Amino acid sequence: MASKFGMAGGIPERRVRPIWDAVDSRQFKNALKLSASLLAKYPNSPYALALKALILERMGKPDEALSVCLNAKELLHTNDSILIDDLTLSTLQIVFQRLDHLDMATSCYEYACGKFPNNLELMMGLFNCYVREYSFVKQQQIAIKMYKVGGEERFLLWAVCSIQLQVLCGNGGEKLLLLAEGLLKKHITSHSLHEPEALIVYISLLEQQSKFGDALEILSGKLGSLVMIEVDRLRIQGKLLARAGDYAAAADIFRKVLELCPDDWECFLHYLGCMLEDDSSWGDSASCDPVHPSKSVDCKLSHLTDEVFASRISNVSAFVEKWLASSSNDTVRCPYLANLEIERRKFLFGEGDDDKLIEALMLYFFRFGHLTCFASDVEGFLHVLVHDKRTLFVEKLMDTFESPVTMATKALGKSLSIFKIQEIVGNFFTLPASDLEGLAVQMTEMYCKNLPLSKDLDLQESMHGEDLLSMASSILVQLFWRTKHLGYLVESVMVLEFGLTIRRYVWQYKILLLHLYSHWGALSLAYQWYKTLDVKNILLETVSHQIVPQMLISPLWVDLGELLRDYLKFMDDHFRESADLTFLAYRHRNYSKVIEFVQFKERLQRSSQYLMAKIEAPILQIKQNADNIEEEESVLESLKCGVHFLELSSEIGSKSLTFNEDLQSRPWWTPTYDKNYLLGPFEGVSYCPRESKQNQIKQAEANVPKAIERRSLLPRMIYLSIQCASSSLKENVETNGSVFDPNISLELKILLERYAKFLGFPFQNAVEMLFATSSGRKSSEALSSDLIDWMNFAVFLNAWNLNSNEIGADKNACRTGTWHLVNSLLEKYILENLRSMGPIISSPGCNLPLLVQLVAEPLAWHALVIQSCVRSSLPSGKKKKKGGPAEQTLSQLSQGIRDSIQSLCAVIEEVENWLREQINSPEDANMEIILSSLRVKDQKEGPGKVFQILETSISSMNNVEIGDRISQALKSWSSADVARKIVTGQRTVLSEFLRICESKVKSLQGLKLQI
């Protein structure tokens, strides 16, 4: 049964090797020729067929590859004389997996294992198939069979891991853990354990059942020697003791660890928790978010009396004093942080002393204030201080401020830390504009004067004082928010572009620029900077939120399609390949990684971004083809008429979505993708956006499921609207002999009712709101909060009413009533937004994205309804009866269609005129608007001072002082080039929008000729 030496799948290896060499070198045509020769000699060899299928799949011929694979599978099942080996089956598995037919590979292995029940090689292949299918129960069953056949420890551990996965990720009850424990106990009795990972699995199994005493007994016995490193063993022991409630013994163990590893901050927190009998650190690990870790440690202290707390905290302080005295390494921060944590716990217990905490903070600053991490180290401790005390701490820091013309690296680091602390506590938002401007000038000057410190650094190394430009730019953005003076926005952009000219790898600058250009309407330029971030792999999940939301409401459809494709490809590839990592972890006996990989994959599958991208990608396709109803119907058909997304929308409520975005890296003015402070008025010097950031994030996350569910209804509602519109001309339907399915109208009504609920109204009230707004009885502001959703609702309502005729008292006039409703609302809101916008170059944050959405979605869907009606009204070749109510209805409907076409054309043409005016405005004039906003006048306040420092630094820098690389970079800097880039970036966006508008006008004019 098994392959003989020198044989591959029953074929001499010398005949197979050239084929694999050709495949590996991507010479697929040559490989196919060699494969044909091999099949001529071995026509009934499943392995030869599997090789051919592999080559065909690599050549992009999936149908042919599947057909050949099925032939090989048939041979394996029907011909008993055929050799079955793992090489043949694994080759088939590769092809079946790439063709998304993993079940067929599994069936091949199941057949082989049934035929040769004691073959470990085949059983391992079957186990691999079950790993790929995430069939935890079947994994367990086949692993136990392998253990019975081979008696190897690893197979038993495969079974135990499969049981743990059933409990953690499947529907298995905790009683299964008893089974796993019993299997391990039996094995230990007869064979003991021989791998460190085996012991870790056993202990984790006991921990899951809260059998901490049993786990401690195992660890302290002979098996404990499997953990070779003493510190690792002590950490496990301390954790088990703490979870068992023996805090005193656990504290002793953690103290030993700290003596061996004096900079282990996590261990100190465990030690402190044990001393205060606080089990917060040992709570449910599921409640901890590995993507968004808390900056401070939660704790429970209310159960302690005042005397006990005072005694315990005193003992901890005494230990820390000894710890500090014995620490000879100046770089060890943990003992000093420990003093801060002790003071924080006192505050939480109600016995805090502001002065002592400030004193400890100052001590930490004097020792480690020059480090980049200083501000993030102390941020959590600052939160326990009241505002006045935080201000006092900042004042004490300011008293130490050193600002000579140039300063040593450590002094620069300390100055930078002071600025960061001011930013963290919100000081920048309480200062008057003149002081803020002075700070920005000071930071920029400090950066330029200290460039010589970085002259010998490599291009990819962080420069000294890099964060100064980020903070200066953020301050200038705040000044823009306060004053609405364009010059401050221009200055903030110039500062970042200047920094990137000197060193192009600073991702913080790029993210700030990305958001500033997005706000200013130069989204194509923002996208260029995003691409330079070189976002790949899992960063697509954590970083893409910086650009994708803006792109979704932009006219840059090609770039958006590329973004969504790259993201979905990574996610789908990961889901396909994550099982490979899981099986590798099994093979390499790294069992903790098995569970980690499976849980990570499940987290990604529930990603809110992933679900949104899966919906927005097809909606983009629908938008791109909306000007041609035949192409649109083809797209909708490929999407199963939106049924799949409808099913997805029904599942959203039951899913626990995950939010993996790194929102902490976003600028202060846009803490989440649906919030931008710059679009609103300045909220006063007492308001600090940083303090409300967590609330903003929670609110944004709460809104996501409804947004996904609402968007997932669109493809189906568009499809149903087209169908309803095509059936609205009843006489034509009867003449053509086709019959309209009444369930289509009923389904659209149900979806409209669901959509109305998202808008916060019952269906009838939502309809009344639309008519009231259209007639002027309600202000246009009534719909502005969810304008696109309201307009989509109006369009779908009209399509449904064309068939149902339920809205309005006069059944003959009600159709034209909803036509007029949609026309008037589209005209009202598009022209209102258009006329509210000034020149885009001097109007950052204008309504252009909303205008794009209105044209790309509700107007496009309305045009599709019109196309459907026009197509249905075309003569079918059969005679129709003249006169009667049907012809009158047809005439009214035709008039409604003509009015709609006329109205839409007029509105879009007005948009086109505005776009052409913006695009054709002289480039030099636009650049002058940008650059003139930076010219410093005689007044004391106003933009331009920071920019002046940048300009003068270029001419005043000595080449010898700053080095050739920085000197060359400064010479290449040009503010005019930056201004030109901004103008070009805005024109690119406007030109794409103009192209979309022109396409729609052309389509509508074609319809006008058909009527």
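Data table
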| quantity | calculated |
| --- | --- |
| Overall form of the range 27-73 per C-alpha gyration tensor (a/c, 1.5; a/b vs b/c) | oblate |
| The range 366-437 - percent of accessible surface contributed by carbon and sulfur, probe 1.4 Å | 55 |
| Cα gyration tensor shape for the range 75-205, rounded if a/c is under 1.5, else prolate or oblate | prolate |
| Rounded FRET efficiency, nearest 0.05, which uses the C-beta distance separating E577 from Y505 and R0 of 30 Å | 0.55 |
| Semi-axis lengths, Å, the chain, gyration tensor of Cα atoms, sqrt of 5 times eigenvalues | 52, 48, 29 |
| Calculated FRET value between D924 and E781, using beta carbons and R₀ = 45 Å, to 0.05 | 0.70 |
| Spacing of the two label points (7 Å from each Cα toward its C-beta) at R17 and K706, in nm | 6.8 |
| Efficiency of FRET from Cβ geometry, R587 and Q664, R₀ 30 Å, rounded to 0.05 | 0.20 |
| Stretchable slack from E951 to Q599, in nm (0.36 nm times residue separation minus alpha-carbon distance) | 121.4 nm |
| Within straight-line cross-link reach of K346, lysines at Cα separation under 19 Å, skipping those fewer than 8 residues along the same chain | K295, K300, K356, K389 |
| Packing rank of 834-846, 134-146, where each peptide gets the mean count of other beta carbons within 10 Å, highest leading | 134-146, 834-846 |
| Among S67, F428, V308 the positive-end extreme of the charge dipole of the chain (Cβ point charges) | S67 |
| Extension reserve of the N628-D63 stretch, reckoned as 0.36 nm per residue once the Cα distance is removed | 200.4 nm |
| Stretchable slack from A36 to E941, in nm (0.36 nm times residue separation minus alpha-carbon distance) | 317.7 nm |
| Within the range 7-116: Cβ-based charge dipole about Cα centre, in debye rounded to nearest 20 (Lys, Arg +1; Asp, Glu -1) | 560 |
| Theoretical ellipticity at 222 nm over the chain - DSSP helices of four or more residues, -39500 (n - 2.57) apiece, nearest 500 | -23000 deg cm²/dmol |
| Lys/Arg +1, Asp/Glu -1 at C-beta; the chain dipole; positive extreme among C334, C905, I553 | C905 |
| Contact order relative to length of the chain, as percent, for alpha carbon pairs under 8 angstrom and 6 or more apart | 10 |
| Accessible-area value, H464, 1.4 Å probe, nucleic acids and ligands omitted, Å² | 60 |
| Sequence of L34, L746 from largest to smallest accessible area, 1.4 Å probe | L746, L34 |
| Lysine pair number, Cα distance threshold 28 Å (strictly under), the range 515-649, separation 8 or more or different chains | 20 |
| The range 7-116, accessible surface, carbon-and-sulfur percent (1.4 angstrom probe) | 50 |
| Accessible area per residue in Å² at 1.4 Å probe, computed on the chain | 44 |
| Distance between modelled label sites at S25 and N913, nm, 7 Å Cα→Cβ extension | 6.7 |
| 5 Å-binned pair-distance histogram of the range 7-116 (Cα, whole percent) | 2, 14, 25, 27, 19, 10, 3, 0 |
| Solvent exposure ordering (accessible area, 1.4 Å, most first) of H370, H515, H194 | H194, H370, H515 |
| Peptides ranked, highest mean first, by Cβ atoms within 10 Å: ranges 61-73, 416-428 | 416-428, 61-73 |
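The values are calculated or read from the model by the stated rules, or taken from the named source; none is laboratory data. No experiment lies behind these values; they were computed from the predicted model shown. Methodologically, a virtual Cβ is constructed for each residue, glycine included, from the backbone with ideal geometry; neighbour enumeration extends over all protein chains shown. Ligands, DNA and RNA are stripped out before the accessible areas are found, and what is left, the full protein with its side chains, is counted by its heavy atoms. Shrake-Rupley method; radii C 1.70, N 1.55, O 1.52, S 1.80 Å.
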